[in-house]
Structures are given as C-alpha cells and as structure tokens.
Amino acid sequence: MNGAAIFLNDLGIVCALGADKVAVRDALFRDDAPIGVTPDDALIAGQRLALGRVAAALLPLDHHPVQLRGRNNALLRAAYLQIHDRVQQAIERYGPTRVAVVVGTSTSGIGEAEQALAHFRAQGEWPTGFHYVQQEIGAPSRFLAAEAGVRGPAWTLSTACSSSAKAMASAARLLRAGIVDAVIAGGADSLCEFTVRGFMALESVSIERCNPFSQHRHGINIGEGAALFLMTREPGPVRLAGWGETSDAHHISAPEPTGAGAIDAIDQALARAQLSPSQIDYVNLHGTATPQNDAMESRAVAQALGNDVPVSSTKPLTGHTLGAAGAIEAGLCWLTMVDNPGHRLPPHWWDGVADASLPPLAFVAPGERASGPMKHVLSQSFAFGGSNAVLVFGGE
C-alpha cells in the first residue's frame, strides 16, 4: 500500500470566519471587506488586540470526564460533529480498531490552567472543574478518540505552527502502511493569554489586522479554531497528493533566512506528488506578517515555485491559529477545490504596499478567480525551530 492514494473525504471546520463549511466558504471568498479577525480586549485586561476568536457558542462536554473538558476539545468537537456521520460509516465498515486519530495542537488545555491558577491565587484552592491532565498535549487525541468511539492508534503532535500539517502527513503514512483504514486528522488550538503574551514578548504581535508581506507589516494576530478531515484510501473530492517535512534547527524562533529548509520541503512535496512547480494552481502561504518569516517565505516561493503562481495568506481572516493553522489552511484549500463553480481564489488582504526588498509574488486580489477548476493546490506551514511542513492537494 506504500503508493496508495490518500483522500480527504470530508471536512469539519470552525474558526473566526464561521462555525461550518458553508459559513467559512462564504466569508473566505468575500471581496468587499475582510472579516474574521476583530479587535478584542477580553483576553488580556487593558490590552486591545486584533484576534481571530471563534464567536459561535460551543457545546458543553459534560458527557466526558473532567480531564477531557476544555475549550480546545470543544473546538475539536465542533469540527468533529460536521464529519460525524462519515466517521461512523467508516467505523461500521472497518471496525473501531481500524480508525485512528492524529491531531496537532500547541495550547491543549493551557487556557483552563490559566483560569484555574487565577482561581487558586484568589481563593487558595483549585476549582472543582479543573484537572491538570486537561493541559497535557495528549488530551486532544484522547478526547477525540473517546468522542468518536474509535480504538485505533491515537496521538497528538506538537511542533508549534506545523503541528496539524504534520498530523495530516502522519495520517497518510498510517494509511499507506496499512495499519488503519481511516484516520480522523487535523488540529485545534484555543486562545489563551500564555501564547499571546509569549508572542508579545517577541515583539511579534500586531494590535491591528495583520498585513502580510507589506512593507508596513509588523506582526501577527493570534487566532483559534479547529479543522478535521476523514482521511482514507477510498476516493474522495480532494487527494493529499504529496507532503514534505524538514527541520532547519537554525534558531529557536527565527526562520533560516535563505529559506533552504522551506524550499526542501516544497521540493519533497512536489516530488511525492509527481508534479512540476508549473502545475501548482494556487499557494496558501504561511504568511504570518512578521518581518523575518515573510522575508524567508517570499524567497522560498520565488525560488521553488516561481513568481507567477497565485498566492495569498489567509491569516488576516483567521488569525494565526498556531498548532491548528496547518489543518485550518488545508481546510481553506479544500473549500477552494470543492463546490467552487466560480473558481474563486482566497484573497490576500493587505495594504498593497509591497516590500521592495523581497521577491515579488502574485498576490490574489479580492474577487480574483482562476481560469478553471484548481487541479493542484499547495499549503505551507513553517514553525519555531525550523519545523517546515508543506502539503499538496489534488482535485478530482
């Protein structure tokens, strides 16, 4: 099965753009004004920031033990319920031990730990609704396996902003190895003060909507959300045609400036998909709007894919969802390839003032459309420590 085709049979998604596929698709392709990221002062008292918060009410998790409750897992459940029927069909067909769970996260239950610590400092005791296991990195995969009723392999990847893209590549390897027949794969991250203050300490947070690749860019917007796919070897609307993973180990937070590792990951993904750069119809950029990441990424794209392929960063809409970014942006690529008869492209929202020191790229203008259905789409995720993951998707 090593050469078996891997398909993304269904998608569940929740982010700042909406709480399901229809809402997210409609918001993604708006050409009048960007939505999603909004000013918010609820997370950090006295600090008004642009954040990609999920506005929809999330269902309670009272049917799970306290160890598996929390906002991160509630976001996962919101995404999972959208693919529940397809997952249950897979369980009936293959059996629960033949269905795996592989998800990425960086926050897990840190938000619950923050609230519990504040309660402890104020009251001198821990709140009854908190258990330290909530913040363990493995909690999301344990939760999702319990929610879906599957008993195959279940694990969580945490490699910062490449986590859920790498989870999808890991799921593909499980399927190709024949270890399982279906995988629930993706990722989730929830807003918490810890991550926002961490990026503030790096002087990397923008108080306004982020402005990727602009001469005036000055930082990211943190977001939250979840995206999950049912991945199998059975034909579906989108194929995971290729993936590439590299590790620069250049610096704990700064990217390798020439983009060498990113280029290698792109080349690996293209080779695995048996595609040339000219066959890529659209690229979803990592596009964080930080000075160093955008500089590295523009060089990598220009060298590996050329200057003419349509590209955009969707982070001005969703915010940077960290460990969930790879899966959410894969979801936006899925929506670009499925039920998109007008061949709309995700727009690149910015001020239009290009950084003259960077290679020029073909940023998608609001309302821009492809000439026909997109056959091959590429998505990039670049993380702290030089963890690079690139996914290539193929249409029907």
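FYI, it's all coordinate maths here, none of it is from the lab. Note that the structure is predicted; figures quoted are calculated from it, not measured. Positions of Cβ are generated from backbone atoms using ideal geometry, with glycine treated the same way; all protein chains shown enter the neighbour counts.
Full extension of the chain between VAL22 and ALA177 gives 52.4 nm of extra length, using 0.36 nm per residue less the Cα-Cα distance. By its C-alpha gyration tensor, with a ≥ b ≥ c as the square roots of the eigenvalues, how is segment 256-396 shaped: rounded for a/c under 1.5, else prolate for a/b larger than b/c, else oblate? Verdict is rounded for segment 256-396. Which shape class, rounded, prolate or oblate, goes with segment 28-181 when its Cα gyration tensor gives a ≥ b ≥ c as root eigenvalues, a/c under 1.5 marks rounded, and past that a/b bigger than b/c marks prolate? Oblate, because a/c is 1.5 or more while a/b does not exceed b/c. Take each peptide in 354-365, 209-220, 317-328, count the other Cβ atoms within 10 Å of every residue, and average; sorted highest first, the result is 317-328, 209-220, 354-365. Within the shell defined by Cβ-Cβ distances under 15 Å, the residues around VAL22 carry a net charge of 0, with Lys and Arg each +1 and Asp and Glu each -1.
3J(HN,Hα) along segment 84-96, derived from phi through the Karplus expression 6.51 cos²θ - 1.76 cosθ + 1.60 where θ = phi - 60°, amounts to 3, 4, 5, 5, 5, 4, 5, 4, 5, 7, 9, x, x Hz, with x in place of Gly and Pro. Per-peptide packing, taken as the mean over residues of other Cβ atoms within 10 Å, places 282-294, 252-264 in the sequence 282-294, 252-264 from highest down. If you find the alpha carbon centre of segment 143-162 and of segment 195-255, how far apart are they in angstrom? Comparing the Cα centres of segment 143-162 and segment 195-255, I get a distance of 20 Å. Rounded to the nearest whole Hz, the Karplus-based 3J(HN,Hα) values (6.51 cos²θ - 1.76 cosθ + 1.60, θ = phi - 60°) of segment 158-166 follow the sequence 9, 10, 6, 6, 9, 3, 7, 5, 5, with x at glycine and proline.
Expressed to the nearest 5 percent, the antiparallel share of DSSP beta bridges inside segment 1-158 is 50 percent. Given the choices (1) 1.02; (2) 1.08; (3) 0.95, Rg/Rh (Cα atoms, Kirkwood Rh) derived from the coordinates of this structure is entry (3). With 10 Å bins beginning at zero, the pair-distance distribution over Cα atoms of segment 74-132 amounts to 18, 31, 23, 19, 8, 0 %. What the phi angles of segment 195-205 give under the Karplus curve with 6.51, -1.76 and 1.60, with θ = phi - 60°, is a coupling list of 6, 5, 5, x, 6, 5, 4, 7, 6, 10, 9 Hz, glycine and proline written as x.
Based on alpha-carbon centroids, what's the gap between segment 30-103 and segment 257-330 in Å, whole number please? What the calculation gives is 25 Å, centre to centre.
Neighbour counts of C-beta atoms inside 10 Å place ASP10, ASP20, ASP26 in the sequence ASP26, ASP20, ASP10, starting with the fewest.
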